[in-house]
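First up is the structure itself, then whatever we jot down about it.
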Amino acid sequence: MITASAAGRAGTPDEVGNVGALLMGPDGGFISGSDILMDGGVTAAYWYGDLAEVRVQHTD
């Protein structure tokens, strides 16, 4: 799934930390009640991309 995502790789600890820093810092002061997907596009690929065909085949 990761290789089929937009990023084509897993996130690094630094990238995850950057989102945490944004949310906890002054630039994230207006962000509340949000779901932030840090998956490089895996979820979007699963539901809407090439992987959607695989998902549908498994549920038939």
Checklist entry - On the given criteria, is L22 in contact with a helix residue (DSSP H, G or I) (Cβ under 6 Å, 6 or more places away or on another chain), of a type in the set (A, V, I, L, M) and at pLDDT below 80? => result no
Checklist outcome for this item: Checked against (1) in a helix (DSSP H, G or I); (2) of a type in the set (V, I, T); (3) touching a helix residue (DSSP H, G or I) at 6+ places or on another chain (Cβ under 8 Å), V16 satisfies every condition except (3)
Checklist entry - List pairs: first in region 9-26 and more than 15 Å from L37 (Cα to Cα), second small (G, A, S) and assigned to a helix (DSSP H, G or I), Cβ under 9 Å, 6+ apart or cross-chain? => result A21/G28
Next on the checklist: I'm told L51 meets every condition in (1) at pLDDT below 85; (2) out of contact with any helix residue (DSSP H, G or I) (no Cβ under 6 Å at 6 or more places or on another chain); (3) surrounded by 10 or more Cβ atoms within 10 Å (Cβ to Cβ); (4) of a type in the set (A, V, I, L, M) except one. Can you identify the failing condition by its number?
Outcome noted: (2)
Next on the checklist: What's the total number of residues in region 27-47 that are assigned to a loop (DSSP other than H, G, I, E, B) and either touching a residue at least 24 places away in the same chain (Cβ under 8 Å) or hydrophobic (A, V, I, L, M, F, W, C) (or both)?
Outcome noted: 8
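The values are calculated or read from the model by the stated rules, or taken from the named source; none is laboratory data. As the structure is a prediction and not an experimental result, all values here were calculated from the model. FYI the Cβ positions are ideal-geometry reconstructions off the backbone, even for glycines, and counts take in every protein chain you see.
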